[in-house]
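Below is one structure, written out as structure tokens; comments come after it.
The values are calculated or read from the model by the stated rules, or taken from the named source; none is laboratory data. All figures in this text were calculated on a predicted structure; none of them were measured in a lab. Here Cβ is always computed from backbone atoms with ideal geometry, including for glycine, and neighbour counts include all displayed protein chains.
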Amino acid sequence: MTEQTILEKLKEGARRFQSEVHAGNAAEYERAATTPQQPHTLVIACADSRVDVESITSSGPGEVFITRNIGNMVPAYGEMLGGVSAVIEYAVSALKVKHIVICGHSDCGAMKALLSPDSTAAMPTVRSWLTNGQAALKVADALDTPDDKPGQRLRNLTEQNVLMQINHLKTHPSVAGALARNEISISGWVYDIGSGGVRVAEDPSRAFIPVSASTV
């Protein structure tokens, strides 16, 4: 695609949103536009273009507050104060979210980069950012066994990274305070792009349990 073709595709998508999605849910969008946002959940997800948080959670306007970055990382408080830290503080202290999700996913480029550090040699900013996943890499390495199936190391790292970022999240003062007051809960998710499946670890459990597509 040329640059102009891409722009036209995006514009056509905006037209379709206006005429189909927005028009079909006009009342819901009107409420969102005229009342302050009150999201119940903060989702910290990967920036991967294949991860669509609203679709995965079937959420409408105003339900989830979202921040995305490479590898769904949460720097421990004080180490890299910036956008992620500001979003967390605002979501917990101002918006009073009741739950926080850290959402990893299958085939994650950030996790692959942690496993193959030479791949980021020409991207010093990315390499610096990925230091937030180094502890998870050490844990995943410790879990390696000779009998692991192909892809198991990447799966282990993806899960351990989500769990490690939960640990980092708890170092943020706003989160620590809300947890102490029992005002907030946390979970770790791993989304499988190919199957649509989601595995959830409900803090403090370290076990990722599949969310069933049907309930009894």
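Can you go through Ile66, Ile44, Ile88 and tell me which one is closer than 18 Å to Glu159 by Cα, surrounded by 12 or more Cβ atoms within 10 Å (Cβ to Cβ) and of a type outside the set (Phe, Trp, Tyr)? Walk me through how you get there before you give the answer.
Numbers: Ile66 fails: closer than 18 Å to Glu159 by Cα; Ile88 fails: closer than 18 Å to Glu159 by Cα.
Going through Ile66, Ile44, Ile88 in turn, just one is closer than 18 Å to Glu159 by Cα, surrounded by 12 or more Cβ atoms within 10 Å (Cβ to Cβ) and of a type outside the set (Phe, Trp, Tyr): Ile44.
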**Asked** Considering the stretch 28-57 alone, what residues qualify as being under 15 Å from the mean Cα position of the chain (by Cα), part of a loop (DSSP other than H, G, I, E, B) and free of Cβ contacts under 8 Å to residues at least 60 places away in the same chain?
**Response** Ala47, Ser49, Asp52
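Every residue in the stretch 193-214 that is touching a Pro at 6+ places or on another chain (Cβ under 9 Å) and in a loop (DSSP other than H, G, I, E, B), please. I'd like the intermediate steps shown before the answer.
Of the residues in the stretch 193-214, the ones touching a Pro at 6+ places or on another chain (Cβ under 9 Å) are 197-200.
Once the filter is applied, which keeps residues that are touching a Pro at 6+ places or on another chain (Cβ under 9 Å) and in a loop (DSSP other than H, G, I, E, B), the stretch 193-214 yields only Gly197.
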**Request:** Give the stretch 164-214 a look and list any residue that's polar (S, T, N, Q) and at pLDDT 95 or above, or say none.
**Result:** Gln165, Asn167, Thr171, Ser174, Asn182, Ser185, Ser187, Ser195
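Has the stretch 129-144 got at least one residue that is within 21 Å of Ala86 (Cα to Cα), part of a loop (DSSP other than H, G, I, E, B) and either touching a strand residue (DSSP E or B) at 6+ places or on another chain (Cβ under 9 Å) or not aromatic (Phe, Trp, Tyr) (or both)? Don't jump to the end; show me each part of the working.
The first filter runs over the stretch 129-144 and keeps only residues within 21 Å of Ala86 (Cα to Cα), leaving 129-133.
In the following step, the residues that additionally are part of a loop (DSSP other than H, G, I, E, B) were identified as none.
No, that holds for no residue.
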**Prompt:** All but one of (1) under 28 Å from Gly196 (Cα atoms); (2) under 19 Å from the mean Cα position of the chain (by Cα); (3) surrounded by fewer than 14 Cβ atoms within 10 Å (Cβ to Cβ) hold for Gly83; which doesn't?
**Reply:** (1)
